[in-house]
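Worksheet for the structure shown next.
Every number here is computed from the coordinates shown, using simple stated rules; none is lab data. For clarity, every value in this text was computed on a predicted model and none was experimentally measured. When we count neighbours, we look across all protein chains shown, and the Cβ atoms used for this are built from the backbone with ideal geometry, even at glycine.
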Amino acid sequence: MTTSFDLISVFAVLIAAQTLGQLSQNWANFWDDRVTWQDREIAQRLAIFILIPIGVLLHEIGHSLATWEVGGTVTTFQWRFYWGFMIPSGNFTSAESWWISFSGNLVSIILGLLPIAFIPYVRKRIVGEVLYFFVCAELVYALVGYPILSFGLQGGDWVKIYDFSVQPYASITLVCHVILLWGLWQLYHSPKAIYWRLAVNSHTLTTWEKLKSDIAQAPNDLESNLELAYLLLQNNEVHEAKKIAQQVYRIAPENQRVRVFRLAMDYNQRAYGKAIQSGRQLLNTELSVENKLRIYRILSFSLHKIGNLKEALDYADLGLADDPNNYSLRCHRGVIYQALGQYQSAKADFDVALENAPDRDSQLQLQKWLKRYQQDG
């Protein structure tokens, strides 16, 4: 098992070095006021492959400090970048052993919680992005991943922490653990958190605020609710989109646009078979051009996900026959062609998509794909 963890650390070091190199090459763009998808990708890697290893070191230091606090000594201290361990020595009571195990994890949890209070007030958005990704990664691992790993391996800190023969510490920890997870879940889906995530794009944030204002004035307005649900879905705010969807389904369950939105929700929830079946049924009804295009996209995406590339390509073709410059379908058909090894056709679709990209961010991403496909071809 140690060898496996060391191998993971080697890969993590390589990715960290690559990330720092990429940051160096894009230094000016990374620190300007505009946050692109490439900036966010670097920010995510900085959080996971630079800050998390520092957190690992502090975790082990936390164990060591607790050992010294209770009169023990540290015979072995190892920090191996992405993992580590220390071996305490001493005549410890059960409560002291519990504290030594808990202390490092307490450090990890505090490290994850501390930036939360500052993220909304950080003026440099990209710094906020780095902190946000770090908070998510640190807390998910500290509160969920590491406990599961400990019990799965039948060893590690959390097996000792949840030794219920050590009372009342284990029971108090369990209660606090559950409350903390619940609180973080609520915080993640709170309006303030959604506001911050959407604020990475000023146009998206403005649209979200306007739609919420419109709905506050007319709660049963189908158009506003549906637009808000789509906006949230497109920005990966699925939990909030589901809440708006319930309102949409209540207002007009048989409305054509509502039925198409159900397809989008099915696809998003990976119910690809259901989306395909319902989408094909809807194509037999009278549809507007806009709704037909949405269905073609969802069918093509869903069929692609289950590996049916031929039919996925057929539906992409049908959609592009109605709207040859459709950005989303051009991109998706390009991906299908690439999966089929038809690199020239993929490049042709990406070229057209590039001309019709809705923003500079999308153009940059497509240019990166085109460069890769040229190398593959």
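Hey, what's the Kirkwood Rh for the range 2-188 if you take every pair of different alpha carbons, in angstrom?
18.0 Å
What does the extension gain come out to for F85 and Q18, with contour length at 0.36 nm per residue minus their alpha carbon separation?
Answer, rounded to one decimal: 21.5 nm.
Return one number: the angle in degrees, 0 to 90 and rounded to the nearest 10, between the long axis of the Cα atoms of helix 327-339 and the longest principal axis of the Cα atoms of the chain.
70 degrees
So what is the diffusion coefficient of the range 77-210 in µm² per second by Stokes-Einstein at 25 °C and 0.890 mPa s, using a Kirkwood Rh over Cα pairs?
Here the translational diffusion coefficient equals 143 µm²/s.
In Å and on Cα atoms, what radius of gyration and Dmax does the range 217-259 show?
9.6, 26
For a Förster distance of 35 Å, can you work out the FRET efficiency between the beta-carbons of N308 and D221, rounded to the nearest 0.05?
Efficiency, rounded to the nearest 0.05: 0.40.
Obtain the nm distance between the two label points defined at Q281 and K210 by a simple spin-label model: each point lies 7 Å from its Cα along the Cα-to-C-beta direction.
3.5 nm
Give me the angle, in degrees from 0 to 90, between the Cα long axis of helix 360-376 and the longest principal axis of the Cα atoms of the chain, rounded to the nearest 10.
Around 90 degrees separate the two axes.
What is the magnitude of the charge dipole of the chain about its Cα centre, with +1 placed on the Cβ of each Lys and Arg, -1 on the Cβ of each Asp and Glu, and no other charges, expressed in debye to the nearest 20?
The dipole magnitude comes to about 340 debye.
Among L313, Q344, S9, flag the residue with its Cα farthest along the positive direction of the charge dipole of the chain, charges on Cβ as +1 for Lys/Arg and -1 for Asp/Glu.
L313
Arranged from highest to lowest average of other beta-carbon atoms within 10 Å per residue, in what order do the peptides 38-47, 284-293 appear?
So the peptides 38-47, 284-293, ranked by packing, come out 38-47, 284-293.
Put one equal scatterer on each alpha carbon of the chain, apply the Debye formula with no solvent term, and list log10 I(q)/I(0) at q = 0.08, 0.09, 0.10 1/Å to two decimals.
At q = 0.08, 0.09, 0.10 Å⁻¹ the computed log10 ratios are -0.58, -0.71, -0.86.
Please work out, to two decimal places, the log10 of the ratio I(q)/I(0) at q = 0.15, 0.19 Å⁻¹ from a Debye calculation in which every Cα of the range 241-376 carries one identical scatterer.
Results for the range 241-376 at q = 0.15, 0.19 Å⁻¹ read -0.76, -1.09.
Longer than 19 Å from Cα to Cα, which of K292/K347; K192/K212; K242/K274; K212/K274 are they? Say none if no pair is.
Beyond 19 Å: K292/K347; K212/K274.
Treating the angle as unsigned and between 0 and 90°, give the value, to the nearest 10°, between the Cα long axis of helix 272-282 and the longest Cα principal axis of the chain.
20 degrees
For the range 289-336, restrict the atom set to alpha-carbon positions and state the Rg and Dmax in Å.
In order Rg, Dmax, the Cα atoms of the range 289-336 give 9.3, 27 Å.
Report the label-to-label distance for N201 and I172 in nanometres (one decimal), using points 7 Å from each Cα along the Cα→Cβ vector.
Label at N201, label at I172, 4.7 nm between them.
Please give, to one decimal in nm, the separation of the simple spin-label points placed at V159 and Q269, each 7 Å out from Cα toward the Cβ.
That separation, rounded to one decimal, is 3.8 nm.
Where a Cα-Cα gap under 14 Å defines reach, which aspartates and glutamates qualify for K305, not counting those fewer than 8 residues away within the same chain?
Answer for K305, where 14 Å is the Cα cut-off: D266, listed by chain and number.
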